[in-house]
Amino acid sequence: MLTYQDKSVKIQKISEEERKKQERMRDVFLLLEQLVEREEVTLKLIIDSLYDVGSINIVNKKFRNQPLNRFLKAIARMSKPVLRIVALRWIKKNLPTLVTNWLEGKVSFK
């Protein structure tokens, strides 16, 4: 049977491990934040590529009429700079948290 002192040591060990785990995950978050800031050009290129592929695919899927199809693709190209700004802000704000949580889920065994 565990005594009060044994339980106290066990709880202290768990809380020490939990504190260390949270500290390391905070480090991962900060590193990802710095990565997003340093690699802004790379993120812009990724956003541009995904937008190009996505806009072409959605226009081709939804609109079979050739003249309308070309017109909508031209409109999609014009809206690209605005989308890039919005997407980059969203990525800078959310990517570190999302990736950190995803990675933590990958290394946590329940």
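The values are calculated or read from the model by the stated rules, or taken from the named source; none is laboratory data. Since the model is a prediction, treat every value here as computed from it, not as a measurement. Here the Cβ is made from the backbone with ideal geometry for all residues, glycine too, and neighbour counts use every protein chain on show.
Quick notes on this structure:
- For SER79, the criteria (1) at pLDDT 85 or above; (2) closer than 30 Å to TRP102 by Cα; (3) of a type in the set (S, T, N, Q) hold in every case but one, which is (2).
- Enumerated helices (runs of 4 or more DSSP H) restricted to the stretch 38-108, each holding at least 2 residues that are in contact (Cβ under 8 Å) with a residue 60 or more places away in the chain: 80-107
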